């Protein structure tokens, strides 16, 4: 069912706090149809001219969700984070309404486990994820960091001196560090896919993929 959801399907966003508002706003900028729901009328009015639709309703009530047509959505985001009880109840309501793809915000690990167990397809922990990302960036070696499951990550970084001035086949990044250099960006240019013949210069940026510990070891070679 989830695989057949159109890429431009309308999105139901519940909660217009910082996370929910940022999500709804970005979806609107991507030309996605959005229905935003919040109990706070001033917030609803604030966003009424920025997104497709915004309504005041208490999503803790499954009947209130039915009245606004929540059951017709294929994608929903529960962005409520101030109350774990409300977040869990709202997510359970979305599950009961049969919405096939549910994203939910968690404020801690226990909250995350509960949301997953009651049926949320995707659980997001914005504060924890942002903290982990910043921890990797503060060293100054990495410019961007995205971590996936099983400690796999993709990183934008300055190339360590070890690989500069050499073709990737010569520096043997993959065999020595168990990493893949995915792309290279020269100053003023765009990122291009890396090949074994790609020579990394002093001024390039590189995109590297691999396991977190291997990337940290590679970055520690220094610039």
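A few remarks follow.
- Strands (runs of 3 or more DSSP E) completely within region 45-123 that count 2 or more residues being in the same structural domain as residue 32 (by TED's automatic domain parsing) and more than 19 Å from the chain's Cα centre (by Cα): 53-56
- Enumeration of residues in region 1-27 that are in a helix (DSSP H, G or I) and surrounded by fewer than 18 Cβ atoms within 10 Å (Cβ to Cβ): 2, 3, 4, 18, 22, 25, 26
- Residue match in region 52-65 (condition: at pLDDT below 90 and either over 14 Å from residue 97 (Cβ atoms) or touching a strand residue (DSSP E or B) at 6+ places or on another chain (Cβ under 9 Å) (or both)): yes
- Taken together, the criteria exclude residue 104 from residues that are farther than 21 Å from residue 125 by Cα and either touching a residue at least 40 places away in the same chain (Cβ under 8 Å) or in contact with a helix residue (DSSP H, G or I) (Cβ under 9 Å, 6 or more places away or on another chain) (or both).
- Considering region 196-222, the residues that are more than 24 Å from residue 151 (Cα to Cα) and in contact with a helix residue (DSSP H, G or I) (Cβ under 9 Å, 6 or more places away or on another chain) include one that is surrounded by the most Cβ atoms within 10 Å (Cβ to Cβ), namely 200.
- Of all residues in region 175-223, those that are farther than 23 Å from residue 152 by Cβ, within 25 Å of the chain's Cα centre (by Cα) and touching a residue at least 40 places away in the same chain (Cβ under 8 Å) total 0.
- Scope region 37-52; condition without any contact (Cβ under 8 Å) to a residue 24 or more places away in the chain and under 22 Å from residue 72 (Cβ atoms); matching residues: 39, 48
- Given (1) crowded, with 18+ Cβ neighbours inside 10 Å; (2) more than 16 Å from residue 20 (Cβ to Cβ); (3) in contact with a helix residue (DSSP H, G or I) (Cβ under 7 Å, 6 or more places away or on another chain); (4) at pLDDT below 90, index of the condition residue 92 fails: (4)
Results for (1) in contact (Cβ under 8 Å) with a residue 12 or more places away in the chain; (2) outside the structural domain of residue 209 (by TED's automatic domain parsing); (3) loosely packed, with under 12 Cβ neighbours inside 10 Å; (4) touching a strand residue (DSSP E or B) at 6+ places or on another chain (Cβ under 7 Å), shown as yes or no for each residue.
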| site | (1), (2), (3), (4) |
| --- | --- |
| 137 | no, no, no, yes |
| 142 | yes, no, no, yes |
| 146 | yes, no, no, yes |
| 151 | yes, no, no, yes |
| 155 | yes, no, no, yes |
| 163 | yes, no, no, yes |
| 166 | yes, no, no, yes |
| 169 | yes, no, no, no |
| 173 | yes, no, no, yes |
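- Residues located in region 97-122, provided they are within 12 Å of residue 77 (Cα to Cα) and surrounded by fewer than 18 Cβ atoms within 10 Å (Cβ to Cβ): 100, 121, 122
The values are calculated or read from the model by the stated rules, or taken from the named source; none is laboratory data. Here the structure is a predicted model, which is why all the values come from computation and not from measurement. As a convention, Cβ positions derive from the backbone with ideal geometry for all residues, glycine included, and neighbour counts pool all protein chains shown.
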